[in-house]
1. Looking for something within 26 Å of residue 239 (Cβ to Cβ), small (Gly, Ala, Ser) and part of a helix (DSSP H, G or I) - is there at least one such residue anywhere in region 63-79?
2. Is it the case that some residue within region 112-119 is touching a residue at least 60 places away in the same chain (Cβ under 8 Å) and surrounded by fewer than 17 Cβ atoms within 10 Å (Cβ to Cβ)?
3. Output yes when any residue across region 40-55 is open to solvent by less than 80 Å² (accessible area, probe 1.4 Å), within 21 Å of residue 149 (Cβ to Cβ), assigned to a helix (DSSP H, G or I) and touching a Phe, Trp or Tyr at 6+ places or on another chain (Cβ under 7 Å), and no when none is.
4. Counting only residues that are in a helix (DSSP H, G or I) and either open to solvent by 70 Å² or more (accessible area, probe 1.4 Å) or modelled with pLDDT under 90 (or both), how many does region 6-21 have?
5. Residue 200: open to solvent by less than 10 Å² (accessible area, probe 1.4 Å), small (Gly, Ala, Ser), more than 13 Å from the chain's Cα centre (by Cα) and closer than 20 Å to residue 39 by Cα, yes or no?
6. Do we have residue 96 as open to solvent by 60 Å² or more (accessible area, probe 1.4 Å), farther than 30 Å from residue 150 by Cα and among the β-branched types (Val, Ile, Thr) here?
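The values are calculated or read from the model by the stated rules, or taken from the named source; none is laboratory data. Keep in mind it's a predicted model, so treat the numbers as computed, not measured. Heads up, the Cβs are rebuilt from the backbone with ideal geometry, glycines too, and the neighbour counts pull from every protein chain shown. Protein only, heavy atoms only, side chains kept; ligands, DNA and RNA dropped before computing areas. Shrake-Rupley method; radii C 1.70, N 1.55, O 1.52, S 1.80 Å.
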Amino acid sequence: MLPQSLWDFILGYNAWLRSAFFPVLFSLSVYLTFCLPFVVLDLLSPRLAWIRTFKIQQKSHVSWTMMWSCLAHSLYNHVVFLFPLTVLHWFWRPATFMPEAPGTLRLIWDVVACLLLFDFQYFIWHLLHHKVPWLYRTFHKVHHKHTSTFALTTEYSGAWETLSLGFFAGVNPLLLGCHPLTEMLFYVLNIWLSVEDHSGYDLPWSTHRLVPFGLYGGAPHHDLHHLKFKSNYAPYFTHWDRVFGTLHKHSD
């Protein structure tokens, strides 16, 4: 079975998995790896017109200064805030890894459940931080510095926002009793979707084009939130914005 083979491969790095450094290095390396293709597109787009046809806000331009500012901010949050907390968590709850992997269907079910739960949590958190002026001004305004998003703006946020969303992502697999492999795959998927949301590109293979009936908003959905501020609060799916009447489309 594929999950078992993958899990056996991962367990081969048992020493790394048990290290206090692993969680931060894992999340940061995955994040930067996913950002890299979009960084390349941003650097090439001023020279190649066909790349600009996929940009959601085609007149926007991403400079080296903007990229470095976001990258430095993200590294600061990881070093100053995330790393100490993950070390404390490592002492409090040492990692344990069972040899058996979950079945394929259970793995998929649990990853989707974690993603849907995170989507709901973030929607409520996000809505409150826009509807309550003090919350927006004090915590969330930093993330809205850029009205035209690019990949490295994904983690351009204050410590409170970084820790809050990290807490949601970290606690959901525990609440749902997920296998460590499921937890890792959920982290990877969540980071990818978040980077894609902020990429500023609507590519032919973008996730929202693969999910039918407009159930998934993707990059156009979230880019419009940064442009309009008062709509599209859910990070990924569109159902909560539909329910609360906060869904806005480009054609609206």
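1. Scanning region 63-79 turns up no residue that is within 26 Å of residue 239 (Cβ to Cβ), small (Gly, Ala, Ser) and part of a helix (DSSP H, G or I).
2. yes
3. Checking region 40-55: at least one residue is open to solvent by less than 80 Å² (accessible area, probe 1.4 Å), within 21 Å of residue 149 (Cβ to Cβ), assigned to a helix (DSSP H, G or I) and touching a Phe, Trp or Tyr at 6+ places or on another chain (Cβ under 7 Å).
4. 6
5. yes
6. Criteria met by residue 96.
Okay, residues lined up against (1) at pLDDT 90 or above; (2) in contact with a Phe, Trp or Tyr (Cβ under 6 Å, 6 or more places away or on another chain); (3) more than 16 Å from residue 167 (Cβ to Cβ); (4) not charged (D, E, K, R):
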position	(1), (2), (3), (4)
73	yes, yes, yes, yes
78	yes, no, no, yes
85	no, no, no, yes
93	no, no, no, no
100	yes, no, yes, no
107	yes, no, yes, yes
112	yes, no, yes, yes
124	yes, no, no, yes
127	yes, yes, yes, yes
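Quick grid of which residues meet (1) open to solvent by less than 30 Å² (accessible area, probe 1.4 Å); (2) more than 30 Å from residue 58 (Cβ to Cβ); (3) not hydrophobic (A, V, I, L, M, F, W, C):
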site	(1), (2), (3)
76	no, yes, yes
91	no, yes, no
132	no, yes, no
156	yes, no, yes
